[in-house]
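This report concerns only the one structure given below.
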Amino acid sequence: MQSLTLPWPSKDLSPNARVHWTRRSKAVKQARGYAEVMARRAGWSGLSLPVEGRLDLWISFYPPTRCLPDDDNMLARFKPYRDGIADALGIDDRRFVSHPLIEDEVRHAGQVVITITGITQQASNGGPRLHANPAF
């Protein structure tokens with residue numbers, strides 16, 4: 001599947017940010033809407049997805065500086081993007097299994113590159129069945 005490149009998430013989305021709730025709410029709404037529009041433009045809304053099963057969401061964070069953020073902070077900052085992508089696909093975001101990777105490569109203004117790959121079906125014991133991903 002093709003990848004989707006989004007801008008570095010706003011610092012207002014960080015769980016460590018001490019901003020007024022209206023400012024954070026505005027940042028969430030803007031990021032979610034932007035991710036949905038970009039996913040639709042990339043043709044992701046027309047994907048034929050199975051009704052059930054999990055989708056692997058590979059997230060590569062390319063920071064704007066050599067100062068590398070921690071992955072749990074970046075996942076929290078990424079959440080509105082994840083919701084926007086789910087909106088574009090017409091699915092609940094709980095179907096995603098996130099695989100975050102903080103890259104060493106610095107990109108101007110920072111970028112987030114998202115790829116959705118293989119379907120992980122439920123195993124007979126009720127838990128997810130993992131499989132090798134040939135793309136990584």
Of the criteria (1) closer than 16 Å to Leu6 by Cβ; (2) touching a strand residue (DSSP E or B) at 6+ places or on another chain (Cβ under 8 Å); (3) not in a helix (DSSP H, G or I), which one Val97 fails:
(1)
Checked region 11-40 for anything among the hydroxyl-bearing types (Ser, Thr, Tyr) and touching a Pro at 6+ places or on another chain (Cβ under 9 Å); matches are Ser14, Tyr34
Looking only at region 45-59, decide whether some residue is of a type in the set (S, T, N, Q), out of contact with any Cys (no Cβ under 6 Å at 6 or more places or on another chain), within 18 Å of Gly33 (Cα to Cα) and surrounded by fewer than 19 Cβ atoms within 10 Å (Cβ to Cβ).
yes
Exactly one of Ala35, Ala86, Ala17 is part of a helix (DSSP H, G or I), closer than 19 Å to Gly110 by Cα and not polar (S, T, N, Q), and that residue is Ala35
So, first residue without any contact (Cβ under 8 Å) to a residue 60 or more places away in the chain and in a loop (DSSP other than H, G, I, E, B) in region 40-55, second residue surrounded by 14 or more Cβ atoms within 10 Å (Cβ to Cβ) and hydrophobic (A, V, I, L, M, F, W, C), Cβ within less than 6 Å, six or more apart or across chains; the pairs are Ala42/Leu4
Of these, Arg95, Arg23, Arg18, which one is under 23 Å from Thr117 (Cα atoms) and either surrounded by fewer than 18 Cβ atoms within 10 Å (Cβ to Cβ) or touching a helix residue (DSSP H, G or I) at 6+ places or on another chain (Cβ under 7 Å) (or both)?
Arg95
Quick one: what pairs do we get from region 75-102, first residue more than 17 Å from Pro9 (Cα to Cα), second modelled with pLDDT under 95 and part of a strand (DSSP E or B), C-beta under 6 Å, 6+ apart or different chains?
Arg95/Arg54; Arg95/Leu55; Phe96/Leu55; Phe96/Leu57; Val97/Arg54; Val97/Asp56
Single unsatisfied condition, Arg66 versus (1) of a type in the set (Lys, Arg); (2) surrounded by fewer than 15 Cβ atoms within 10 Å (Cβ to Cβ); (3) not in a loop (DSSP other than H, G, I, E, B)
(3)
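The values are calculated or read from the model by the stated rules, or taken from the named source; none is laboratory data. Fair warning: this is a prediction, and the values are worked out from it, not measured in the lab. Using ideal geometry, Cβ is built from the backbone for each residue, glycine included, and neighbour counts are taken over all protein chains shown.
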